[in-house]
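First the structure, in the form of structure tokens, and then the observations on it.
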Amino acid sequence: PPADKPQRIVIDFSSPNIAKEMHVGHLRSTIIGDCLARLAEFQGHNVLRLNHVGDWGTQFGMLITHLKDQGFSPDKGLKDLAIGDLVDFYKEAKKRFDESEEFQHTSRKEVVKLQAGDETSLAGWKLLCEASRGEFQSIYDRLEVSLEERGESFYNPLLSDVCKDLTELKLLEESEGAQVVFLENANKDKDKTPFLIRKTDGGFLYSTTDLAAIRHRVTEEKADRIIYVTDSGQAQHFSQVFQVAKLAGWVPEGVQLEHVPFGLVQGEDGKKFKTRSGETVKLRDLLDEAVRIASEDMKGRIEEEGLEWTDANDATSKVVGIAAVKYADLSMNRESNYRFSYKKMLSLSGNTAPYMLYAFARINGIRNKLGEGVKQDATISLAHPSELLLARHLLSLPELLGEVEATLYPNRLCDFIFELSQRFNQFYENCPVAKAPTEAEKESRAALCVVTANTLKLVLGLLGINTVERL
């Protein structure tokens, strides 16, 4: 049932950086944020999915300087420049910055020009953002994730007012040339902690932008609940940002600010997940590999059955590969680190996406075989213990959805459907459907199959996973 009082919920997730490729570190934020948004939308809330991309800052001085050296001018677009791979372009610029004092000096002047609104600098900045946006969107399309981009640059005009208002509230103080807000420690005996708002050179920080974002989301977006999905390493940062916003009176009573922290993605050895050459794993490569393994596995089974590989099989293998990556992440308690293993996530047994997709395809196949034996208005009677266990589990879903909406732990949805598939197996072993003793029992059991299939499809959909007819 939809929420009694629909809320305006802002979910801030994914948030890659311009001119850098999305990597495995963006996987969890993107998948968890999308799942929480899908659930809130299903529950009847008005959800704004925001992508707080890193599209501003000192690194753009370095990038635009390098761009200009490639022959950039405001009348040239992406196709006129041989930038090639954007990540390589970033590395080239960074190498020059690290090795040349002259390049550093020019880059710093470029930052000032960009902030002052210089036409050529702004055109270069827009071009870099446009190139990155296309790269990001190709990943979001594969993951079927929708987001509204609202990067750091959006809040630039609001930053001075944040400092002005904090000063008027007598919260902003000077400390070693910088401007800070002093916050109480949990341990009252310790000195107050300085929270940096403005650097000694007058520059703003992430903290300033995050405070401006809270104000905008509360006043302009009328948010009742603001959720931030980032790694657990940012827990202290958000705790302090929330504290400052509340001290300043920018968070009305009843508005919730929540940080949804998650752990690291590790390699199978329990260390940081990297390529063999020691580099961070690109998200695109990770998804490609999952789809490749799913496809090879499926081809092997198709050949064993003596069948031809079809376009439908190819489409199914892509669904399975992406689903496996999503489900492996979402089935873990989000606060835990987890070891990334293609072998485990693509296994047809255990609490995995392939197992759940197979369970759906099997139950759906039973429903299809029954054909006219499935009646929409059938009376469900629960005589056998396994029928009762299955029905009780199905009826617990609305309460569970409410709990996950409140606590923001998607792994509970995975636990629910894994247990659902097991209870269905027990029911199907103990209660013949097509060969039920009476027509009434056949109709009742067929109806239970339909409800189970529909419930499985619904929850997989909330996890951002498509179902397949055959696996």
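For the reader, a short list of remarks on this structure follows.
- From the coordinates of this entry, Cα Rg over 2.2 N^0.38 Å is computed, and it appears in [x] 1.09; [y] 1.16; [z] 1.88 under the label [y].
- Reducing region 400-471 and region 153-167 to their Cα centroids gives an inter-centroid distance of 50 Å.
- Looking at region 167-219, the GluC sites (Glu not before Pro) that sit in a DSSP loop and have at most 13 other Cβ atoms within 10 Å of their own Cβ are E176, E184.
- Stretch gain in nm, segment K94-E149, where the contour uses 0.36 nm per residue and the Cα spacing is subtracted: 17.2 nm
- Remark: region 276-389 carries a charge dipole of roughly 380 debye about the Cα centre, counting +1 on each Lys and Arg Cβ and -1 on each Asp and Glu Cβ.
- Counting DSSP beta bridges with both ends in region 185-293, the antiparallel % (nearest 5): 30 percent
- Residue by residue, region 251-263 carries 3J(HN,Hα) couplings of 10, x, 4, x, 8, 9, 10, 9, 9, 10, x, 9, x Hz when phi is fed to the Karplus relation 6.51 cos²θ - 1.76 cosθ + 1.60 (θ = phi - 60°); x denotes Gly or Pro.
- Beta bridge orientation in the chain: antiparallel %, DSSP, nearest 5: 40 percent
- In this Cβ point-charge picture (+1 for Lys and Arg, -1 for Asp and Glu), the chain has a dipole of about 620 debye about its Cα centre.
- Cα centroid separation - region 10-32 against region 300-341, whole Å: 22 Å
- Less than 5 angstrom separates the built amide H of H259 from those of Y228, all sequence-distant by 5 or more or on a different chain.
- As a calculated quantity, the FRET efficiency between D285 and Y206 at R0 = 30 Å, using C-beta atoms, amounts to about 0.60.
- The value obtained for region 221-283, namely the Cα convex hull volume divided by the number of residues, is 119 Å³ per residue.
- Less than 5 angstrom separates the built amide H of V47 from those of I9, all sequence-distant by 5 or more or on a different chain.
- Over region 339-471 - Rg/Rh using Cα atoms and the Kirkwood inverse-distance radius: 0.98
- The L307 and N156 beta-carbon pair, evaluated with R₀ = 45 Å, returns a calculated FRET efficiency of approximately 0.20.
- Structure-based [θ]222 nm, the chain - -39500 (n - 2.57) summed over DSSP H runs of at least 4, per residue, nearest 500: -17500 deg cm²/dmol
- Principal axis extents of the Cα atoms in region 425-471, from largest to smallest and rounded to whole angstrom, are 39, 19, 18.
Taken together, the values in this text are just the output of simple stated rules run on the coordinates, not laboratory data. This is a predicted model, so every value here is computed, not measured. Note that we place each Cβ from the backbone using ideal geometry, even for glycine, and neighbour counts take in every protein chain shown.
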